[in-house]
Amino acid sequence: MPVKKPVKKSASTRESVQGGTSKKAKTSDYTAKDIQVLQGLDPVRKRPGMYIGSTESRGLHHLLWEVFDNAIDEVMAGYADSIFVKLHKDGSISVKDNGRGIPVDIHKQTKKSALETVMTTLHAGGKFGGEAYKVSGGLHGVGVSVVNALSKYLKAEVCKDGNLYIQEYERGKARAKVKKIGKCDTEGTRITYVPDNQVFSVLEYDRKQIIDRFRQRAYLTKGVRVGFVDERGDEPFYYGFQFDGGLRSFVDYLNEDGAKPVHNNIFYVHKEAEGVDVEVALNYTDGIETKELAFANGINTIDGGMHLTGFRSALTKNINDYAKLNNLLKKGEDNLTGDDVREGLTVVVSVKLREPQFEGQTKGRLGNAEARTAVESIMSQAFKDFLELNPNDAKAMVAKANLAARARLAAKAAKDTILRKGILDGLTLPGKLADCLPSTKVEDAELFLVEGDSAGGSAKSARDRKTQAILPLRGKILNAEKHRIDKILANREMTSLVVAMGTAIAEEFDISKLRYGKIVIMTDADVDGAHIRTLILTLFFRYFPQIIDEGHLFIAEPPLYKVSKGKTHEYAYSEEEREKLVKSMGGSGNTSIQRYKGLGEMNPDQLWDTTMDPATRTMRRVAVEDAKEADKMFEILMGDEVAPRKHFIQLHADTVKNLDV
C-alpha cells in the first residue's frame, strides 16, 4: 500500500501533542499579515463561478451575454438601433453598437478615465442612478468588468465626438492609458475580447445558442438590427434579425412548432403605468401546453414574479367576466380556473422599470410590487376592450377555456376513481418488479427500466440483487405528450412505473418518497429501443421533471458490437469503435463481429460487464440545460402535428448519424 506523506499544516492551525493533550498554537501567530485583500478584479479571477455561474460552456457564453446586453441597454435607452457581433477565426469575439460610446473623460472619484473605470472596477457603471439609463438589464454593474477580468485580452474602441479612442487590457489590467488614435464617422463602442484559457475549460462558442439568444432579445427590443457573423469555418456564416412586430412576431415564432391558433387576432398592448413600461402579446392555440415567457428589462425571469402574477390575475378575471356577461358559462357552473384559461395559451409579458428587484444573482424572479399593479391594470382594461371589440375571438377563447375545464373535471374524476382503487397507494409493488434489498439506502438503489420480458430476464440474472432493481416494460408505453393524466394512470405499464418509484404523480407527487437514487433507462441499441427511450424521456419530462432536475434519471449505454479474436474480445459502442477494434486485432479476416440488436441477445455476464457494473459501465445523466428549448423540441418530435416534425426531419436530414434502417 502507498504510504501517505504527512501534511504540513499552517501556523494558524498547527497543533502540538504533549503528554496526550492537544495545545493550539498561540493566537498571536494569526496576525494582519494572514489577511488577504483582493484588489480590483482579483475577486473575479479568484472565484469566477460567483459572477458567471461556471467556467464551462454556460459561463463562457455568459461573457458574451454581458457585452451584448450592454449594447441592448443602449438601444432600450433610445441611443442605438444596431448591434453587430463577430466570432473571429483567432478565437476572439467582438460586439459593436452605434450608441453613445462609453465616456472617456476623467472620472473624479477614481482619477482615471471613465472607460478604464468601467472596465476595471466592479459595480461601476451608468446604471446606479442619474439619467444615463432609465432601464437596463445589467443592473448589478459588474458585466463588462467581469468580462475583462476573465479575458486573456480585451480591447475597447470608442468613437465619441468624432474621435476614436482605444484601450487594451490583459486579464483585467490596463496595458496603458486611453489613447486617441484618429477620427471616426459614427459614434459607438466595440468590445473585442479573448476568453482566458486559464479560466475556462471550454473555449468553443455554440452558434445555435448564440442565435437563439440574439433572436429572443431582438423580439423584445422592437426594431433593433442585430447582425451576426461566424468566421470560424471555411466559409463565413451570416445571420441577422430585425422584428418590427416585436412581441407579436415573438408569439408567432413560438407557435411555429405546429399548434394552430383558435382565433384570428393576436392580442397586443403596450402602455406605461406607475413608471412601468408594460408590453403583452398573446393568443390561444388548439394544444394543451401553456407557453408563458416573462421578461423584465430584457432579462428572462424564468421563475416568473410579480409581472406574471399581475398578468394571470387580469386574464382569469376578464375571461370569467366576459363569459358570465355573455352567458357563455352555464348557470351554477364554477368559475374557470387559472389553469383552465391558460391551457393552450402562448403569451409574452415584458416590463421595463427603473430599479428592478431581482431575486438572486441569476435574476430568475421579479419582486417589484409595482410591476404587478401596472401589468394587472393595463392588461385588465386593454384585454376587456379587446374581447368586446373582437367577439369571435372572445368566444373562441372562452370555448377553449371551457373545453379545458371539462377535460380537467373528467381527468380528475378518472384519476380519483383510480386512486380510490388503490393503484397508487404504494402498498403493493408490481409483481413484475424484481426489487433490490429493502435494507439498501435510497442513494445506493438503482431501478433499471428495460423493454420486454427477454431483456428483463437477462437483466434480472445479471444484476446485483442488493442494490439493483429491474422493471420490464411491455411494448411501447403511452406518449405522454399526447395524453392527459387520466390516460396515463389507466395504463398498466405507467402505473407499474409510478408505483415502483414510490413518488406518486401530478398533485400527489412527492420527491422525498423516491425509492431509488438512480432510475436508469436501459433499452436496446436499435431504432425501436431509441423510440422507447424517447417515450420514457417524454414521460419524465412532462410528469416527473423534478426527478430530472435533481439528477436521478440516467440512460444506460449497452454496446452495439462484440469483436472477438481467439479468446480475446472487446465491446464497441459505435461503428467507429468497431472499426478501430477490428484494425487493432489484425483485420476483418481474423476477427469475429457480433451485432447486438437487443439486450436479450446478451448473456447475463456480458450485460453485467458492459452495462450494469458500476465499475465498468458507461451512463449518461439526463439534464435539461434549456427547459424552453427542450419543451419545444418534445412538442415537435412527440406532439400530434405532423408538419413541424416533417420539417425538422427534412432540415436535419444531411446531418443525421447512427441511422438504423
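Readers should treat all values here as calculations from the given coordinates under stated rules, not as data from a laboratory. The structure presented is a predicted model; accordingly, all values stated were derived computationally and were not measured. Cβ: placed from backbone, ideal geometry, glycine included. Neighbour counts: every protein chain shown.
With both labels modelled 7 Å from their Cα along Cα-to-Cβ, the residue 180 to residue 549 distance reads 5.5 nm. In the structure shown, the pairs 324/400; 432/513; 562/597 are assessed against 19 Å; a Cα-Cα span above that value is assigned to 432/513.
Ordering 290, 616, 301, 192 from the fewest to the most neighbouring beta carbons within 10 Å gives 616, 290, 192, 301.
Report the charge-dipole magnitude of the stretch 44-241 in Debye, nearest 20, computed about the Cα centre from +1 at each Lys and Arg Cβ and -1 at each Asp and Glu Cβ. The dipole of the stretch 44-241 has a size of about 600 debye.
Hull volume per residue, based on the alpha-carbon atoms of the stretch 247-415 and their convex hull, is 122 Å³. Looking at the stretch 247-415 alone, DSSP beta bridges between its own residues are antiparallel in about 75 percent of cases.
Ranking of 309, 591 by neighbouring Cβ atoms within 10 Å, starting from the fewest: 309, 591. A dipole drawn for the stretch 247-415 from +1 and -1 charges on Cβ atoms has a positive end, and of 294, 326, 311 the residue lying farthest that way is 326.
Size descriptors for the stretch 44-241, from the alpha-carbon set: Rg then Dmax equal 15.9, 49 Å. Computed from the C-beta positions of residue 385 and residue 621 and an R0 of 56 Å, the FRET efficiency is 0.65 to the nearest 0.05.
Going by neighbour counts of Cβ atoms within 10 Å, the residues 278, 262 line up, fewest first, as 262, 278. For residue 273 and residue 47, the FRET efficiency from 1/(1 + (r/R0)^6), where r spans their Cβ atoms and R0 equals 41 Å, is about 0.50.
Stretched out fully, how many nm does the piece from residue 290 to residue 89 gain, at 0.36 nm a residue minus the Cα gap?
Working: separation 201, 0.36 × 201 = 72.36 nm, distance 4.13 nm.
Full-extension gain reported as 68.2 nm.
Farthest towards the positive end of the charge dipole of the stretch 151-268, among the residues 253, 165, 218, is the Cα of 165, using unit charges on the Cβ of Lys, Arg, Asp and Glu.
Here the gap between residue 235 and residue 595, fully extended at 0.36 nm per residue and compared with their Cα-Cα distance, gives a gain of 125.6 nm.
In this simple spin-label model, placing a label point 7 Å from the Cα along the Cα-to-Cβ direction at both residue 474 and residue 354 gives a separation of 6.8 nm.
When the alpha carbon coordinates of the stretch 287-374 are projected onto the principal axes, the ranges are 48, 27, 16 Å, largest first.
Extension gain, residue 613 to residue 399, is 71.6 nm, computed as 0.36 nm per intervening residue step minus the present C-alpha separation.
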